[in-house]
Amino acid sequence: MSEIGRRLVFNGRDRVEVERFDVPSPGPGQVLVRVHRSQVSAGSEKNGILSAKSSDVRRPLGYTTIGRVLEVGAGVDDSRPGDRVLAMGNHGSHWLAGRFTVGEQDWDSIHPIGYEITDEQAAFAILGEVALQGVRRAQLQIDESVAIYGQGVVGQLTTQLCRVSGAYPIIAIDLDDARLELAKKSGATHTINASKVDPVEAVRDLTSGGPSLNDSHPGGGAQCVFHVSRDPAVLVPVMKSAADRGKVILTGSPPGAVEIGLQVELLRWELDIRGVYGSGLDRPHPYWPYTRERNRRAIMRMIASGDLQVDYLISHVAKPEQATELYQKVLAGTEGWMSIFFDWESEPV
């Protein structure tokens, strides 16, 4: 008789359910992982739930899993049973990981954990890679002024990596005071609650160190502004918060569209807008040596050395049966949660 596993499935209406399934054997090039913990990626999963609502279609949820290899398929020579690994996958007790193709891209969904860090700490390598890719794209310099719009998990990690890069000042913007308090731990030198003050004016006041180089520019502004929010409308104040000839880094992955000013904010200020997605980074090349695997390894190394702190970002390590309650929190707003994990080693309720 095959082993029975558990996984989280959104029912298309109002609940996240724990569903039982027959655990499959790995096929060629695949690895079967017994999952210990899975981490919620709030932005991506919230987008998925909202798009599936009222469809009556059952949809698995998930993003990051951590566990140990149970079994390997034919042709796998770089993993063996017992190896501790990180994998992109659904929330569940078991996951088939390996190398797969999306479009014309090859993706490797499994990574060894080569450091003495906890399962929860290791999971941050996935979202940490997103933040690190954004900071790499920003090409920050010491004492370069930065502002980060959005202080969820990726925003907090971006703030920390800006600190490690030597940026100053580091201005964190959010609507939630609790998240702004966490941002101070992440290295923010200044915080702005955008529900209480105009964030554009506040950023300009904090960075008003000299005259504008452009007659159409009001002066001040951060040399680099990060958009780390799922709200596309945030791009407007992000652009207006940038210095003349400043950089705008789109680390967030907001759905939808937004109307922006072309003639003034983009054209006359000569803003440099850079997208961050990490596609096509399965192998290094001379113009960009930082692969997804290298970025994830760097995040784990920095956590192991203490250069990157993540434990204070964990708000819940919960049983899978608590999923509906926790996803309702995520859908309701930012209050009362940060990084959420599900414990697949716990006994079913």
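The values are calculated or read from the model by the stated rules, or taken from the named source; none is laboratory data. Everything numeric in this text was worked out from a predicted model, so none of it was measured. Don't worry about glycine lacking a Cβ; one is built from the backbone with ideal geometry, like all the others, and counts go over all protein chains shown.
Quick notes on this one:
- Residues satisfying the stated conditions in segment 295-307, i.e. farther than 24 Å from Pro284 by Cα and either hydroxyl-bearing (Ser, Thr, Tyr) or touching a Gly at 6+ places or on another chain (Cβ under 7 Å) (or both): Ser305
- Top-ranked residue in segment 21-59 [being under 25 Å from the mean Cα position of the chain (by Cα) and of a type in the set (D, E, K, R); ranked as farthest from Gly75 (Cα to Cα)]: Lys53
- When the strands (runs of 3 or more DSSP E) confined to segment 255-349 are screened for residues that are touching a Phe, Trp or Tyr at 6+ places or on another chain (Cβ under 6 Å), those reaching at least 2 such residues are found at 314-318.
- Residue match in segment 24-34 (condition: under 30 Å from Gly150 (Cβ atoms), surrounded by 17 or more Cβ atoms within 10 Å (Cβ to Cβ) and not assigned by TED's automatic domain parsing to the domain that holds Gly152): no
- Verdict on Ala332 being out of contact with any Pro (no Cβ under 9 Å at 6 or more places or on another chain) and either in the same structural domain as Gln151 (by TED's automatic domain parsing) or at pLDDT below 95 (or both): yes
- Every listed requirement among (1) within 30 Å of Ile314 (Cβ to Cβ); (2) out of contact with any helix residue (DSSP H, G or I) (no Cβ under 7 Å at 6 or more places or on another chain) is met by Glu201 save one, (1).
- When Lys247, Lys319 are screened for being among the basic types (Lys, Arg) and not assigned by TED's automatic domain parsing to the domain that holds Gly92, only Lys247 passes.
- Test result for Gln105, at pLDDT 95 or above and not small (Gly, Ala, Ser): no
- Some residue of segment 60-68 being surrounded by fewer than 17 Cβ atoms within 10 Å (Cβ to Cβ), closer than 22 Å to Trp337 by Cβ and assigned by TED's automatic domain parsing to the domain that holds His316: yes
- Within segment 181-223, being over 17 Å from Val234 (Cβ atoms), acidic (Asp, Glu) and either at pLDDT 95 or above or outside any loop (DSSP other than H, G, I, E, B) (or both) holds for Glu181, Asp205.
- Among the candidates Ser186, Ser145, residue that is under 28 Å from Arg297 (Cα atoms), in contact with a strand residue (DSSP E or B) (Cβ under 6 Å, 6 or more places away or on another chain) and crowded, with 21+ Cβ neighbours inside 10 Å: Ser145
- Taking every residue in segment 74-89 that is free of Cβ contacts under 8 Å to residues at least 40 places away in the same chain and pairing it with any residue that is surrounded by 18 or more Cβ atoms within 10 Å (Cβ to Cβ), at least 6 positions away or on another chain, the pairs with Cβ-Cβ distances below 6 Å are Pro81/Val69; Asp83/Val69; Arg84/Ile113; Met88/Ser109.
- Condition met for Glu45 (touching a helix residue (DSSP H, G or I) at 6+ places or on another chain (Cβ under 8 Å), acidic (Asp, Glu) and in contact (Cβ under 8 Å) with a residue 12 or more places away in the chain): yes
- The residues in segment 207-220 that are without any contact (Cβ under 8 Å) to a residue 40 or more places away in the chain and surrounded by 15 or more Cβ atoms within 10 Å (Cβ to Cβ) can be counted, and the count is 3.
- Residues of segment 211-237 satisfying the condition of being of a type outside the set (Gly, Ala, Ser) and either outside the structural domain of Ile148 (by TED's automatic domain parsing) or in contact with a helix residue (DSSP H, G or I) (Cβ under 9 Å, 6 or more places away or on another chain) (or both): Asn214, Asp215, His217, Pro218, Cys224, Val225, Phe226, His227, Val228, Arg230, Val236, Pro237
- Filter result for Leu271 (closer than 29 Å to His111 by Cα, of a type outside the set (Ser, Thr, Tyr) and surrounded by 17 or more Cβ atoms within 10 Å (Cβ to Cβ)): no
- Summed over segment 240-268, the residues that are surrounded by 15 or more Cβ atoms within 10 Å (Cβ to Cβ) and either free of Cβ contacts under 8 Å to residues at least 12 places away in the same chain or more than 20 Å from Gln141 (Cα to Cα) (or both) give a count of 8.
- Residue match in segment 306-326 (condition: over 30 Å from Glu116 (Cα atoms) and touching a residue at least 12 places away in the same chain (Cβ under 8 Å)): yes
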